[in-house]
Amino acid sequence: MSKNNKKNMEEAKASSAANSENAKKAKHAKDNAKNAEEWLEDELNGVDLESSENDSEADEIMKKAAEELEKTKAQIKEEQDKYLRLHAEWDTYRRRIKEQREQDKAEATEGLVKDCLPVLDDFERSIDFAKNNGTDGLIDGVSAIYSKLVDAFQKSGVEVVNPEVGDEFNAIEHQAVGTVENAEVFEESVGNVLQKGYKMGKKVVRPAMVMVTTGGDQRPKEDSEENDEE
């Protein structure tokens, strides 16, 4: 993982945690407001507001309730402002990450194209040479161009998937298009390769097109487990 991607992941976790925490605080503030209302009801319960003897007590309760209500409203507004601000920052962060990914993808594609341009030039020169001088030596030229193209792919992290006859069939890297009788190798092995595959890291870009053998002995479980671990 690159330093930029690692930093982006850490920022995402921190921003998400802060967003969640402030949402909890906003909910807590609303709960406090509800509790304040319940407290006021309990305080006023049993107080005869029409009695002049209880006017002072009722005024004191109402004054205290008003103070608590204003305090709770201010707390709610503060937490809501924090939540909205963090939500806006989170949207900005996601947009920035999307733009960064698109830029990284464009740069990777540009690098591959630059590596392949000399190969394209070689093809053009080979075609011109064959037109002017015949096809003598054309095979050697095309082979050299092929090697250069493979090198360009390898620089971009592309690996060739080209199993040998007798290798265990791998459903992830191989695509079975038919079967072939071969009792000399284990059952469900690669019979022959019709088309090579390619992968980048662990991602299979295109599986190898293969024929799968039948008629042989079953492959020992030990061999199969070792191949799965690889």
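Here, each number is a calculation from the coordinates, and none is a lab measurement. Because the structure is predicted, anything quoted here is derived from the model rather than measured. Positions of Cβ are generated from backbone atoms using ideal geometry, with glycine treated the same way; all protein chains shown enter the neighbour counts.
Checking each residue in the range 90-118 for being surrounded by 13 or more Cβ atoms within 10 Å (Cβ to Cβ), of a type in the set (Asp, Glu) and out of contact with any Phe, Trp or Tyr (no Cβ under 9 Å at 6 or more places or on another chain) picks out only Asp104.
When residues of the range 168-197 are filtered for being in contact with a Lys or Arg (Cβ under 8 Å, 6 or more places away or on another chain) and in a strand (DSSP E or B), how many remain?
The initial filter retains those residues of the range 168-197 that are in contact with a Lys or Arg (Cβ under 8 Å, 6 or more places away or on another chain), namely 168, 173, 186-189, 197.
Still in the running and in a strand (DSSP E or B): 168, 189, 197.
Total satisfying the criteria: 3.
Among residues of the range 100-113 that are on the phi < 0 side of the Ramachandran plot, those with a beta-carbon under 7 Å from a residue that is surrounded by 10 or more Cβ atoms within 10 Å (Cβ to Cβ) and outside any helix (DSSP H, G or I) at least six positions away or on a different chain give the pairs Gly111/Ser156; Leu112/Ser156.
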